[in-house]
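What follows draws every value from the coordinates through simple rules; no lab data is involved. In this text the structure is predicted, and so the values were computed from the model without any measurement. For neighbour counting, all protein chains shown are included, and Cβ atoms are generated from backbone atoms with ideal geometry for every residue, glycine included.
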Amino acid sequence: MDGRPRRILLSEVDARLIAKAVRLQTKEFAKPSGEDKTFTLEMKKAEGKCLFLKDGGCKIYEARPLICRCFPFWIEREGTWKFIFKASDECPGIGEGRSLKRSFFVQLLKQSLEAHSTNDSQDRTASAFE
C-alpha cells in the first residue's frame, strides 16, 4: 500500500441506496467530498475504516457504493468510448482464483457509466453493450 488514506467516494445514487438500506440520513454516514459533481460525497470513517465494515465484512453489501463494487479494479477513460481497467496491487486476491471474463468487466463499465449518466443518456449507454 502506498500510505494514502483510502477515500470511499459516493454518488448521490450511492448515498440514497445506503440511506434507505440502513435507515439513516446521509449526513450520518457521509460528508461533502469536494470532488466533481458525480461523486459529491465521501463515506465517513471510524478509526480509519468504513463505518459499515464490521467483523471482517460489509454490513451494507447489497447497497455498497459503486467504488466498492469495482474494487480492486478501477476504470480509466481514454477518449470517448475507450476504457481501460486497472487493478490495485493492494488486493491480496489479484492473480488468485478464477479468471474473470469480459462480461464481468462489461457489467462494471455499465454500472459506472450509468452512475455518471443523466437519465436520458442511460438508454443510449446501455444499448452500446447489447
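Annotations for the structure displayed:
- Using R0 = 25 Å, the C-beta based FRET efficiency linking S88 and T26 works out to 0.40.
- Here the relative contact order of segment 9-123, from alpha carbon pairs under 8 Å that lie six or more residues apart, stands at 21 percent.
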